[in-house]
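Q: Can you keep this structure in mind? I'll have questions shortly.
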Amino acid sequence: MTRHKFAIGEIVGLISRAGLSPVAAETYRVVSLLPVMDSLPQYRLRNDELGQERVSKEDNLEAVS
């Protein structure tokens, strides 16, 4: 069974920003864990400062310290 690497509340950054607007947020907070798709966990992310939300697979996320 595939497990999520990041926890709710953790701050993450996107590894690839291809196809995103130049004004897209740099970092996001994990707000929920979503089901596995294509063998990869997914996450719902939010940047409260800019009010942006998105969904990303785990292989496009990195921890931010």
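Quick note: the coordinates plus some simple rules give every number you see, no bench work behind them. No experiment lies behind these values; they were computed from the predicted model shown. As a convention, Cβ positions derive from the backbone with ideal geometry for all residues, glycine included, and neighbour counts pool all protein chains shown.
Q: May I ask you to derive the relative contact order of the chain, considering only C-alpha pairs under 8 Å and at least 6 residues apart, and to give it as an integer percent?
A: Computed over the chain, the figure is 36 percent.
Q: Also: Treating only the Cβ atoms of Lys and Arg (+1) and Asp and Glu (-1) as charged, compute the dipole magnitude of the chain about its Cα centre; round to the nearest 20 debye.
A: Using Cβ point charges on Lys, Arg, Asp and Glu, the chain gives about 140 debye.
Q: Give, as a single signed number, the net charge of other residues whose beta carbon lies under 15 Å from the beta carbon of GLY19, with Lys and Arg counted +1 and Asp and Glu -1.
A: +3
Q: Treat the chain as a sphere of radius equal to its Kirkwood radius over Cα pairs and apply Stokes-Einstein at 20 °C in a medium of 1.002 mPa s; give the translational diffusion coefficient in µm²/s, rounded to a whole number.
A: The Stokes-Einstein estimate is 180 µm²/s.
Q: Can I ask one more? Net charge near ILE8: determine it from the other residues with C-beta under 12 Å of the C-beta of ILE8, scoring Lys and Arg +1 and Asp and Glu -1.
A: Summing Lys and Arg as +1 and Asp and Glu as -1 gives +2.
Q: Between VAL36 and ILE15, with labels modelled 7 Å along Cα→Cβ, what's the label distance in nm to one decimal, could you check?
A: 1.8 nm
Q: Measuring from label point to label point, each 7 Å out along Cα→Cβ, what is the ILE8 to SER65 span in nm?
A: Taking the two extended label points, one gets 2.8 nm.
Q: Just going by the charge dipole of the range 11-63, with Lys and Arg at +1 and Asp and Glu at -1 on Cβ, which of GLN42, ILE11, THR27 is farthest out on the positive end?
A: GLN42
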